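Inspection log for the structure reproduced underneath, given as structure tokens.
Every number here is computed from the coordinates shown, using simple stated rules; none is lab data. Just so it is clear, the model here is predicted, and its values are computed rather than measured.
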Amino acid sequence: MITGINHINLAVADVARSFLFYTKLLGLTPLCQSKGSAYLLAGHPEEPGALWVSLDFDRTKKRVPSPCNTHLAFTVSKGNFSLLKGRLLEAGVVSFKENTSPGESFYFLDNVTWYF
């Protein structure tokens with residue numbers, strides 16, 4: 001039986017820029033990086049729910065935003081939500097959907113070619 005999610009893999013058009021986006025803006029912890037891939041960690045390695053995020057180069061990845069309902073949802077402490085949202089908006093991150101669900105949410109595009 002499945003007991004959790006070990007990692008997610010994101011196909012990206014530019015590993016270096018995606019690496020900066022996910023580490024510098026979102027605060028994921030870098031684990032390792034090569035020319036065609038990078039591994040990051042969301043959360044603390046010894047805490048339940050920590051998740052590996054793999055970035056892999058995909059030359060077929062579209063270089064235009066494609067907002068849809070398929071998305072990642074990151075957990076952010078209540079005290080840090082406004083701070084992180086502000087940092088993303090200052091960097092020019094584009095919001096593509098208004099939040100209509102309970103609690104605070106910020107729906108944004110991760111087309112990193114715009115930010116770095």
Of A42, A50, A13, the most mobile residue in a GNM of the chain (C-alpha springs, cutoff 10 Å) is A50
Whole-angstrom Cα spans of the chain along principal axes, big to small
38, 36, 27
GNM on the chain, C-alpha springs below 10 Å: top fluctuator among V94, V15, V53?
V94
Highest GNM mean-square fluctuation among T100, T75, T60, for the chain with Cα springs under 10 Å, belongs to T100
